Amino acid sequence: MSRISLLPFALLILSCALLLNSCGFIGGLDPAEKLATKIEIQARELQKADTRTLAFDYVPSGLKVKSSPFYDGKMTLAVIARKDGMSVISFNRWSRTTYHNRFVQVDHPMEQIKEPGEPFQIILEKSGETIRWIGIK
């Protein structure tokens, strides 16, 4: 086969790969991923700070949350603490991530339900070198 005949095949493979990773390229990060990246930033700030706790507000994209097949008019943020020490952020049982585990520990499950547009207050606590996610209000 010549290089010219491989070009359409290569473009097809590239297109499929981009579609599979479209959350970051086309529609942006989903609410769980956006929260995890905000946790990363805030955990690093807390690590440098002289304070023991840090709280910040997070308002997920209502459009993204409403696109969940489980959307019931409310926004449910759940943090599922697994037995293996990892945890999962879940918005409306649809948008999920474990990215935050690189920056914070979660010792217990948490859940909070809010109206669209209402902020979730995320509470982090520093203990030595460890940052824990201790609450959602």
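Points to keep in mind about this one:
- Cα-based equivalent ellipsoid of region 83-137: semi-axis lengths in Å, sorted from largest, via gyration tensor: 21, 14, 9
- Simple Cβ-charge dipole of region 42-104, Lys/Arg +1 and Asp/Glu -1, about Cα centre, in debye nearest 20: 200
- Semi-axis lengths, largest first, of the ellipsoid equivalent to region 25-137 are 24, 14, 13 Å, with √(5λ) applied to each eigenvalue of the Cα gyration tensor.
- Expressed as a whole percent, the accessible area of region 21-132 that falls on carbon and sulfur atoms is 50 (1.4 Å probe).
- Cβ charges +1 (Lys, Arg) and -1 (Asp, Glu), total dipole of region 18-137, debye: 120
- A convex hull fitted around the alpha carbon atoms of region 47-94 yields 116 Å³ per residue.
- In sequence order, region 78-93 has phi-based couplings of 10, 10, 9, 8, 8, 5, 7, x, 8, 9, 10, 8, 9, 9, 6, 6 Hz under the Karplus curve 6.51 cos²θ - 1.76 cosθ + 1.60, θ = phi - 60°, and Gly or Pro positions carry x.
The values are calculated or read from the model by the stated rules, or taken from the named source; none is laboratory data. Every value quoted in this text rests on a predicted model; they were computed, and no experiment measured them. Note that we place each Cβ from the backbone using ideal geometry, even for glycine, and neighbour counts take in every protein chain shown. Heavy atoms of the whole protein, side chains included, go into the accessibility calculation; ligands, DNA and RNA do not. Shrake-Rupley method; radii C 1.70, N 1.55, O 1.52, S 1.80 Å.
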